[in-house]
Amino acid sequence: MGNNTSSKMAIGAAATTGIVAGYAIGSRIAADKSASALEQTIAAKDAELVKTKKQLTAKIATKSKQVDELNRLSMKNEQWNTEPKICDNILEHVGNTPMVRLNKIGVRPEDGALKCEILVKCEFFNAGGSVKDRIGKRMVMDAEKSV
């Protein structure tokens, strides 16, 4: 009876070892399949990122060309006079609305890191304090001609 029990225990131990080995092999196969699927997913995401990067690079190049073209078109051949102009009358001042360069807006990355010059027109410095000064000037000139 002792031999029989020992052989049953040996068979049981062998069976347990086989089950554990089978489980280990099955786990390894599952892990390999999972790793393969993960590698495929990573490769697909990498390809998607490369495509997106190319698209963004093309958009940036296009925007850069547009900005360069706008800058080229807005360039004046004449130098801006930095001295204040002394006018004979207020009508000479009309049409010379001061422009101010914005040095800190649009240069930071969070503002878009613009590569162009931003100018604002200070209409409140106009002779009449309004954007309608040119119309007013024309009306005054027409009235003077009719007299």
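The values are calculated or read from the model by the stated rules, or taken from the named source; none is laboratory data. Treat the numbers as computed from the prediction; the structure is a model and nothing was measured. Virtual Cβ from ideal backbone geometry, glycine too; neighbours counted across all protein chains shown. Keep in mind that these areas ignore ligands, DNA and RNA; they rest on the heavy atoms of the full protein, side chains included. Shrake-Rupley method; radii C 1.70, N 1.55, O 1.52, S 1.80 Å.
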Please specify each residue of region 105-142 satisfying the condition of being of a type in the set (A, V, I, L, M) and part of a loop (DSSP other than H, G, I, E, B). ILE105, VAL107, ALA113, LEU114, ILE118, ALA127, VAL131
Residues satisfying the stated conditions in region 24-54, i.e. modelled with pLDDT of 85 or more and open to solvent by 100 Å² or more (accessible area, probe 1.4 Å): LYS45, GLU48, LEU49, LYS51, LYS53, LYS54
Of all residues in region 18-66 being acidic (Asp, Glu) and over 21 Å from the mean Cα position of the chain (by Cα), which is farthest from PRO109 (Cα to Cα)? ASP32
Test set (1) at pLDDT 80 or above; (2) in contact with a Cys (Cβ under 9 Å, 6 or more places away or on another chain) - LEU70 fails condition number: (1)
For region 88-104: of the residues being outside any loop (DSSP other than H, G, I, E, B) and either out of contact with any strand residue (DSSP E or B) (no Cβ under 8 Å at 6 or more places or on another chain) or among the aliphatic types (A, V, I, L, M) (or both), which is most open to solvent (accessible area, probe 1.4 Å)? ILE90
